[in-house]
Amino acid sequence: MIPIASARRRSPGRTEADRGPHALERRTPHGAEHVRRTRSVERNLFLLMAANIAPLIVAAMLGRRLSSPLDGGAVAKDGRRVLGDSKTWRGCAASLFGTIAVGGLLNVAPPLAARFSLLSMSGDVFSSFWKRRIGIEVHGRSALLDQLPEAVLPLLLLRRRLVTSRRDVFDAIFVFTVLEEPVSRLLFRFGLRDRPF
């Protein structure tokens with residue numbers, strides 16, 4: 001008869017603890033759901049970041065070249081620009097291709113990534129339009145109006161195609177809103193923004 005202690009010494013393989021702190025968690029329904037939700041929120045955040053940071057990277061590389069404004073310099077009835085010089089066709093194109101590139105790394109199909117970018121940029125344009133109407137100049141700040149439209153539009157309208165839950169959408173929007181200011185300051189330090197907000 002083999003002693004228990006000897007049998008334990010001879011047993012091959014690693015214990016669950018040896019496989020890492022999340023090994024047991026992944027084998028439970030609750031753990032699997034936690035991993036799925038975390039990945040969903042991370043993917044949504046990366047898509048949002050790509051859609052909004054790609055234009056800044058291209059602007060830092062090209063300066064004022066090819067920076068035709070979306071509104072063509074048009075002025076609204078209130079005497080203010082419809083959007084302003086900060087919203088350009090170049091920025092929209094950079095967001096589109098940047099989101100498609102990042103989406104490829106996240107297994108998001110190019111057509112879906114493209115729609116995500118277009119909706120996020122639409123939210124950004126909406127935000128700029130209303131900021132001009134209430135008297136906030138280009139690059140001026142407006143809490144929530146600067147973050148919510150560009151995050152809410154793509155995540156809500158594409159929620160089913162992204163196979164993400166309402167809670168995941170809320171979490172991604174919340175984290176994106178909270179991180180917007182520190183990320184903006186970081187981008188300013190790297191020379192990708194003209195000002196730290």
| Condition check for D194: among the acidic types (D, E) and under 14 Å from the mean Cα position of the chain (by Cα) | no
| request: Please tell me if G31 is more than 28 Å from the chain's Cα centre (by Cα), farther than 30 Å from A93 by Cβ and modelled with pLDDT of 50 or more. | output: no
| note | When (1) under 30 Å from R39 (Cβ atoms); (2) free of Cβ contacts under 8 Å to residues at least 24 places away in the same chain are applied to K131, the one that fails is (1)
| remark: Residues of segment 175-191 being loosely packed, with under 13 Cβ neighbours inside 10 Å and within 13 Å of the chain's Cα centre (by Cα), in sequence order, are V178
| What number goes with the only condition from (1) modelled with pLDDT of 95 or more; (2) within 29 Å of L62 (Cα to Cα); (3) of a type in the set (A, V, I, L, M, F, W, C); (4) not in a loop (DSSP other than H, G, I, E, B) that F129 does not pass? | (1)
| task | Pull up segment 97-141, narrow it to residues that are within 14 Å of the chain's Cα centre (by Cα) and among the charged types (D, E, K, R), then point me to the one that is surrounded by the most Cβ atoms within 10 Å (Cβ to Cβ). | result | D124
| Condition check for A54: in contact (Cβ under 8 Å) with a residue 40 or more places away in the chain and under 20 Å from the mean Cα position of the chain (by Cα) | yes
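The rows are residues; the columns are (1) of a type outside the set (A, V, I, L, M, F, W, C); (2) under 22 Å from R193 (Cα atoms).
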| site | (1), (2) |
| --- | --- |
| V75 | no, no |
| G91 | yes, yes |
| T99 | yes, yes |
| G103 | yes, no |
| N107 | yes, no |
| F116 | no, no |
| I134 | no, no |
| E137 | yes, yes |
| request: Keeping to segment 165-197, report how many residues are at negative phi, assigned to a loop (DSSP other than H, G, I, E, B) and at pLDDT below 90. | output: 7
| message | I'd like to check something: does segment 115-123 contain any residue that is outside any loop (DSSP other than H, G, I, E, B), farther than 24 Å from G63 by Cα and in contact with a Ser or Thr (Cβ under 7 Å, 6 or more places away or on another chain)? | response | yes
| message | One residue is enough: does segment 119-135 have a residue meeting the conditions out of contact with any helix residue (DSSP H, G or I) (no Cβ under 6 Å at 6 or more places or on another chain) and either under 19 Å from R43 (Cα atoms) or among the acidic types (D, E) (or both)? | response | no
| Odd one out for E150 among (1) of a type outside the set (V, I, T); (2) in a helix (DSSP H, G or I); (3) surrounded by 17 or more Cβ atoms within 10 Å (Cβ to Cβ); (4) more than 12 Å from the chain's Cα centre (by Cα) | (4)
| Exactly one of (1) within 21 Å of L162 (Cβ to Cβ); (2) in a loop (DSSP other than H, G, I, E, B) is unmet by G103. Its number? | (2)
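The values are calculated or read from the model by the stated rules, or taken from the named source; none is laboratory data. Predicted, not measured: the structure shown is a model, and the values here were computed from it. Methodologically, a virtual Cβ is constructed for each residue, glycine included, from the backbone with ideal geometry; neighbour enumeration extends over all protein chains shown.
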